[in-house]
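Scroll down for the structure; my scribbles are underneath it.
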Amino acid sequence: MLPILFPNGLKKAFTLSYDDGCYDDLKLIEMMRKYGVRGTFNISSGITRPEGQQPCGSWERMTLSERKNYLHDGIETAVHGVTHRDFTKLTEPELIYEIMGDKSALEAEFGCIVRGAAYPYGSFDDRSVEALAKCGIKYCRTVWSDHSMAMPTDWLRLRPTAHHNDPELPEIIESFLSTEPEARRMLYIWGHTPEFNQKNNWQMMEDYLARLSGRSDVYYATNLEICEYDLAAKSLEYSADGSMVYNPTATAIWLDKSGTPIEIKPGETVGV
Ligand SMILES: [Zn+2]
């Protein structure tokens with residue numbers, strides 16, 4: 001088995017994940033578009049601010065018409081429970097409703113097949129992981145920031161690298177940018193946009209994005225793009241002696257052949 005690379009033979013990926021469908025997401029979306037950064041917004045479809053009502057406090061949600069701003073390229077919308085209830089405190093039917101109801105509502109609203117999620121309150125157990133998998137969810141983010149940039153081994157218990165307010169984040173970003181890694185690395189930053197107002201640190205985030213953007217050695221992608229590329233790469237089929245590889249997926253996959261990136265096109269069998 002050859003080591004997997006990101007598209008175009010890259011070894012570094014950068015993504016963002018922001019929760020709750022807050023009004024302040026508008027500002028982050030604008031910033032992400034300015035810097036060409038991609039990411040994911042986890043939305044409780046059942047919680048909106050009434051149309052015509054001005055946002056007046058912190059943690060205000062978007063109105064349905066404001067949520068159209070999530071329709072830009074580079075923005076993924078993902079499940080966060082219809083009404084943001086703690087998955088571990090629900091009956092089976094309530095749990096399925098929170099996941100499937102949110103998936104279904106977001107799909108109708110945004111015209112895409114929703115396959116990602118983040119746990120409300122970061123709270124999960126084996127039962128909720130199982131329910132997500134049954135509902136067609138490919139990954140779900142926890143709040144266990146572990147400062148790691150290693151690729152996830154369990155996408156339904158996904159650990160982010162760091163919250164944007166993490167004091168170690170500047171150091172982590174510099175390490176991500178300056179190191180030529182042996183294996184793939186993913187820098188994954190998460191949070192809630194009202195926290196930028198609470199701490200008055202929008203400028204800090206803009207500085208992070210400016211620093212991280214526009215690099216030819218970084219794969220900028222949504223959570224789902226990284227997850228599904230990884231899952232596709234893991235479904236390559238190798239010959240018994242490892243000398244041939246077949247790509248049964250619809251995604252071109254890049255591998256590291258003794259330091260040289262090679263591309264395995266969809267449906268292709270190649271000698272490696
Ligand atoms: Zn939340």
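The values are calculated or read from the model by the stated rules, or taken from the named source; none is laboratory data. From a predicted model like this one, the values you see are computed outputs, not experimental measurements. Positions of Cβ are generated from backbone atoms using ideal geometry, with glycine treated the same way; all protein chains shown enter the neighbour counts.
Would you be able to say whether some residue in the stretch 164-187 is within 16 Å of the ligand (Cβ to nearest atom) and out of contact with any helix residue (DSSP H, G or I) (no Cβ under 7 Å at 6 or more places or on another chain)? Give the derivation first.
Filtering the stretch 164-187 down to residues within 16 Å of the ligand (Cβ to nearest atom) leaves 164-165.
Now narrow it down to the ones that are out of contact with any helix residue (DSSP H, G or I) (no Cβ under 7 Å at 6 or more places or on another chain): none.
Looking through the stretch 164-187, none of the residues is within 16 Å of the ligand (Cβ to nearest atom) and out of contact with any helix residue (DSSP H, G or I) (no Cβ under 7 Å at 6 or more places or on another chain).
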Filter the stretch 119-143 down to residues that are under 30 Å from P181 (Cα atoms), more than 15 Å from the ligand (Cβ to nearest atom) and in a loop (DSSP other than H, G, I, E, B), then give me how many there are. 2
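Can you tell me which residue among T193, T269, T251 is without any contact (Cβ under 8 Å) to a residue 40 or more places away in the chain, closer than 30 Å to I137 by Cα and touching a helix residue (DSSP H, G or I) at 6+ places or on another chain (Cβ under 7 Å)? Show your work before the answer.
Numbers: T193 fails: without any contact (Cβ under 8 Å) to a residue 40 or more places away in the chain; T269 fails: touching a helix residue (DSSP H, G or I) at 6+ places or on another chain (Cβ under 7 Å).
That would be T251, the only listed residue that is without any contact (Cβ under 8 Å) to a residue 40 or more places away in the chain, closer than 30 Å to I137 by Cα and touching a helix residue (DSSP H, G or I) at 6+ places or on another chain (Cβ under 7 Å).
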Long-range neighbours under 8 Å by Cβ, at least six apart or interchain, first residue free of Cβ contacts under 8 Å to residues at least 40 places away in the same chain and in the same structural domain as F110 (by TED's automatic domain parsing) within the stretch 43-55, second of a type in the set (A, V, I, L, M) and buried (at least 16 other Cβ atoms within 10 Å of the Cβ): T48/M62; R49/M62
Can you give me the number of residues within the stretch 97-118 that are within 16 Å of the ligand (Cβ to nearest atom), touching a residue at least 40 places away in the same chain (Cβ under 8 Å) and of a type in the set (D, E, K, R)? 1
The correct count of residues that are crowded, with 18+ Cβ neighbours inside 10 Å and either of a type in the set (F, W, Y) or free of Cβ contacts under 8 Å to residues at least 12 places away in the same chain (or both) in the stretch 128-169 is 2
By residue number, the members of the stretch 41-78 that are away from the ligand (no atom under 16 Å from the Cβ), at pLDDT 95 or above, more than 21 Å from I189 (Cα to Cα) and of a type in the set (G, A, S) are S65
Restricted to the stretch 1-31, and to residues that are crowded, with 23+ Cβ neighbours inside 10 Å and assigned to a helix (DSSP H, G or I), which residue is farthest from the ligand (Cβ to nearest atom)? L28
Please go through the stretch 164-191 and pick out each residue that is part of a helix (DSSP H, G or I) and either of a type in the set (G, A, S) or outside the structural domain of N223 (by TED's automatic domain parsing) (or both). S175, S178
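Taking the criterion of being β-branched (V, I, T) and within 21 Å of S123 (Cβ to Cβ), would at least one residue in the stretch 5-28 satisfy it?
Scanning the stretch 5-28 turns up no residue that is β-branched (V, I, T) and within 21 Å of S123 (Cβ to Cβ).
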Under 6 Å by Cβ, and 6 or more places apart or on different chains, what pairs join a residue from the stretch 73-86 that is over 13 Å from R38 (Cβ atoms) and outside the structural domain of E109 (by TED's automatic domain parsing) with one that is of a type in the set (D, E) and within 10 Å of the ligand (Cβ to nearest atom)? none
Taking the condition of being touching a helix residue (DSSP H, G or I) at 6+ places or on another chain (Cβ under 7 Å) and crowded, with 24+ Cβ neighbours inside 10 Å, how many residues in the stretch 100-113 meet it? 0
Cβ-Cβ under 6 Å pairs, at least 6 apart or on other chains, the stretch 13-30 side over 23 Å from R159 (Cβ atoms), far side surrounded by 22 or more Cβ atoms within 10 Å (Cβ to Cβ) and at pLDDT 95 or above: Y23/M62; D24/T193
V37 versus (1) in contact with a Gly (Cβ under 8 Å, 6 or more places away or on another chain); (2) modelled with pLDDT of 95 or more; (3) not assigned by TED's automatic domain parsing to the domain that holds Q198: which is the lone unmet condition? (3)
Considering every residue within the stretch 79-96, establish whether at least one is within 16 Å of the ligand (Cβ to nearest atom), among the hydroxyl-bearing types (S, T, Y) and part of a helix (DSSP H, G or I). yes
Please specify each residue of the stretch 21-51 satisfying the condition of being of a type in the set (D, E, K, R) and under 17 Å from W202 (Cβ atoms). D24, D25, K27, E30, R33, K34
